[in-house]
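This report concerns only the one structure given below.
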Amino acid sequence: MERLSPAQRHMRKVSAAVANAAENQMLENSTEYEKMLFLLARHKKDLKLIQSTEKKAEYKKSILSHYLPWIEGALSAGSGKQDNVLMTWLVWAIDCGEYHLALSIADYAIHQQIKLPEPFTRTLGTLIAEEFADNAKAANAAGKAFNVNYLQRVAELVKDEDMPDESRARLLRELGLLQIESNPNTALATLERALALNLNIGVKGTVAKLRKQLNLPESELKTTN
């Protein structure tokens, strides 16, 4: 631990007080949106100090209450303005398992054509499809349940969004796998669509098994252009 002299401790205390006063004065003259951006920046700084993905998710969940009034207000107002706080929380809500909230924001953002802020590089539709697919896949690998309704809603939201075929195939793969038990016919159609988009998506065996189960002939699938 760093050892400080009494004078050094006093200087640090004074410096912290000055910095805090300056910060409070700045915030007093800021708009509510600017205040939320400031809070977001502070929490992003905290997140950089956490190495564990699991702990990052826990931290995001713990700070969500600070943002819920803003998120709910933005969705209720429906202004369609670019809102980097709201869009960051679309991603963070997925990260910490708040899927219903994420879908509410996604629905609004897609219809209002709001973009993801930096440093996110994927399009909104691509990110939603891939992140939900990856979370469903991870849940399945861990033997945990994942609500098929979430993936059905995502598929509906992004059906007209432009994205790489591989990204849509990832979403349809996880959706199809979750549909097998309750609706094998629908699952087959979903998985065959995933295969048509990407022959290497990893469900050829599952499709063949389903076709046999449903007494259907083997099909020849070709990739789409």
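For the stretch 121-141, enumerate the residues that are crowded, with 16+ Cβ neighbours inside 10 Å, not basic (K, R) and not in a helix (DSSP H, G or I). Answer for the stretch 121-141, where residues must be crowded, with 16+ Cβ neighbours inside 10 Å, not basic (K, R) and not in a helix (DSSP H, G or I): just T123.
In the set S65, S76, which member is open to solvent by 30 Å² or more (accessible area, probe 1.4 Å), closer than 21 Å to R42 by Cβ and of a type in the set (S, T, N, Q)?
Values: S76 fails: closer than 21 Å to R42 by Cβ.
Every option except S65 fails the conditions.
Here T186 qualifies as of a type in the set (S, T, N, Q) and either open to solvent by 40 Å² or more (accessible area, probe 1.4 Å) or in contact with a His (Cβ under 7 Å, 6 or more places away or on another chain) (or both). Does any residue in the stretch 157-181 that is at negative phi and basic (K, R) come within less than 8 Å, Cβ to Cβ, of a residue that is open to solvent by 40 Å² or more (accessible area, probe 1.4 Å) and not in a helix (DSSP H, G or I) six or more places away or on a different chain, and which pairs are these? Correct list of pairs: R173/G202. Kindly evaluate N147 against the criterion of being within 30 Å of A57 (Cα to Cα) and open to solvent by 60 Å² or more (accessible area, probe 1.4 Å). Yes, satisfied.
Rundown of residues vs (1) closer than 22 Å to G125 by Cα; (2) modelled with pLDDT of 95 or more; (3) not polar (S, T, N, Q), yes/no style:
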| residue | (1), (2), (3) |
| --- | --- |
| N147 | yes, yes, no |
| A155 | yes, yes, yes |
| P164 | yes, yes, yes |
| S167 | yes, yes, no |
| L172 | yes, yes, yes |
| L188 | no, yes, yes |
| E192 | yes, yes, yes |
| L199 | yes, yes, yes |
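Set side by side, the residues A109, A102 differ, and just one is closer than 16 Å to L151 by Cβ, of a type in the set (A, V, I, L, M) and open to solvent by less than 30 Å² (accessible area, probe 1.4 Å), which is A102. Screening the stretch 189-209 for residues that are open to solvent by less than 40 Å² (accessible area, probe 1.4 Å) and of a type in the set (G, A, S) and picking the one that is nearest to Q179 (Cα to Cα) gives A194.
Does L4 satisfy the criteria of being in a loop (DSSP other than H, G, I, E, B), at pLDDT below 95 and either open to solvent by less than 70 Å² (accessible area, probe 1.4 Å) or of a type in the set (K, R) (or both)?
On the way: in a loop (DSSP other than H, G, I, E, B): yes; at pLDDT below 95: yes; either open to solvent by less than 70 Å² (accessible area, probe 1.4 Å) or of a type in the set (K, R) (or both): yes.
Yes; evaluated as a whole, the condition is true for this residue.
The values are calculated or read from the model by the stated rules, or taken from the named source; none is laboratory data. All values reported here derive from a predicted model rather than from experimental measurement. Please note: Cβ atoms are built from the backbone with ideal geometry, for glycine as well, and neighbour counts cover all protein chains shown. To get the accessible areas, we keep the full protein, side chains included, count just its heavy atoms, and leave off ligands, DNA and RNA. Shrake-Rupley method; radii C 1.70, N 1.55, O 1.52, S 1.80 Å.
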